[in-house]
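The structure appears right after this line, and notes come after that.
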């Protein structure tokens, strides 16, 4: 797989149906030009830190936003978040938790670890699409990241 130099969104989602719904919502809102999808926490960290299967990609530029599910194989989303926010190279990348978990402890722990936002996936596709459109517009069009 060829990785474009500039990835706007890293989608970390192990459920193929949820990944496809997210991509459809992004495409419908013209926000899916540069999206990379990985299906587990280990792949996410490999992508961000340019190692393993992604060792040929440059660390910079980083994705403009990471959409991170919590329930992931290999390395769960909380651990991925902990690694990202604990490393100066990845700490500033906005990380949005996109999960089906409504557990208060998950919400609290994500924010304590440095998540920038926590969104519970709506069951209704129209509501899901609206949520994706709002978060995509904000993080890709309005939010400004520091130059490194």
Give the number of residues within segment 34-59 that are assigned to a loop (DSSP other than H, G, I, E, B) and either over 21 Å from residue 114 (Cα atoms) or under 15 Å from the mean Cα position of the chain (by Cα) (or both). 10
Can you give me the number of residues within segment 86-105 that are over 25 Å from residue 32 (Cα atoms) and touching a strand residue (DSSP E or B) at 6+ places or on another chain (Cβ under 7 Å)? 1
With touching a strand residue (DSSP E or B) at 6+ places or on another chain (Cβ under 8 Å), closer than 19 Å to residue 95 by Cα and touching a residue at least 60 places away in the same chain (Cβ under 8 Å) as the only criterion, which of 71, 64 stands out? 64
Would you confirm whether any residue within segment 85-92 is under 27 Å from residue 17 (Cα atoms), modelled with pLDDT of 95 or more, under 14 Å from the mean Cα position of the chain (by Cα) and surrounded by 13 or more Cβ atoms within 10 Å (Cβ to Cβ)? no
Positions within segment 115-148 being part of a loop (DSSP other than H, G, I, E, B) and touching a strand residue (DSSP E or B) at 6+ places or on another chain (Cβ under 7 Å), in sequence order: 115, 116, 121
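The values are calculated or read from the model by the stated rules, or taken from the named source; none is laboratory data. Because the structure is a prediction, the values reported are computed rather than measured. Cβ: placed from backbone, ideal geometry, glycine included. Neighbour counts: every protein chain shown.
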